[in-house]
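Some notes on the structure that comes next.
The values are calculated or read from the model by the stated rules, or taken from the named source; none is laboratory data. Please read all numbers here as calculations on a predicted model, not as lab measurements. Heads up, the Cβs are rebuilt from the backbone with ideal geometry, glycines too, and the neighbour counts pull from every protein chain shown.
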Amino acid sequence: MDPGEDPLTCAKRELQEESGYAGNRFQKVGEIWVAPGYSTECIHLFLATELTPWESHLDEDEFLSVHFFPFFRVVEMVERNEIKDAMTMIAIQMAYPVWKGIIGNSA
């Protein structure tokens, strides 16, 4: 986050810059501390839905490939340890109950 930036504003900006998509709805699913023993860095986690294509703006040293999977498939990938990044695993697990609530309310 930029100094003084609101977490939601940062989430919206980062989604657009890095994925090339903008979200219409955001729901905060939690916060995690990366390494509380020696860092005060706090990561704010949001679930973005109703995505629309947007222009990405990667930094010069960023190289990302965006892949699309149904959310339930990503949850399965975490459960099978196919996704090994700890922050991603935690974010998916924290977003899952929120996603289930969204899907359940739209049926």
| message | Report every pair of residues separated by at least 6 positions or lying on different chains whose Cβ atoms are under 7 Å apart, first residue within segment 88-107 and over 25 Å from CYS42 (Cα atoms), second not charged (D, E, K, R). | response | ILE102/THR49
| message | Could you list, ordered by first residue, the pairs with Cβ atoms under 9 Å in which the first is in segment 54-78 and at pLDDT 95 or above and the second is part of a loop (DSSP other than H, G, I, E, B), at least 6 apart or interchain? | response | VAL74/ILE83; GLU76/GLU82; MET77/PHE69; MET77/ILE83
| remark: If you go through ALA22, ALA86, the only one that is under 14 Å from the mean Cα position of the chain (by Cα), of a type in the set (Gly, Ala, Ser) and either at pLDDT 95 or above or within 22 Å of ILE103 (Cα to Cα) (or both) is ALA22
| message | Here is a check on your reading of the model: is PRO53 on the phi < 0 side of the Ramachandran plot and either surrounded by 11 or more Cβ atoms within 10 Å (Cβ to Cβ) or among the aromatic types (Phe, Trp, Tyr) (or both)? | response | no
| task | Kindly list the number of the only condition in (1) part of a helix (DSSP H, G or I); (2) at pLDDT 95 or above; (3) surrounded by 14 or more Cβ atoms within 10 Å (Cβ to Cβ) that fails for GLU17. | result | (2)
| said: Residue pairs, Cβ under 6 Å, 6 or more apart or interchain, first in segment 30-48 and under 17 Å from GLY4 (Cα atoms), second of a type in the set (Lys, Arg) and part of a strand (DSSP E or B). List them. | reply: none
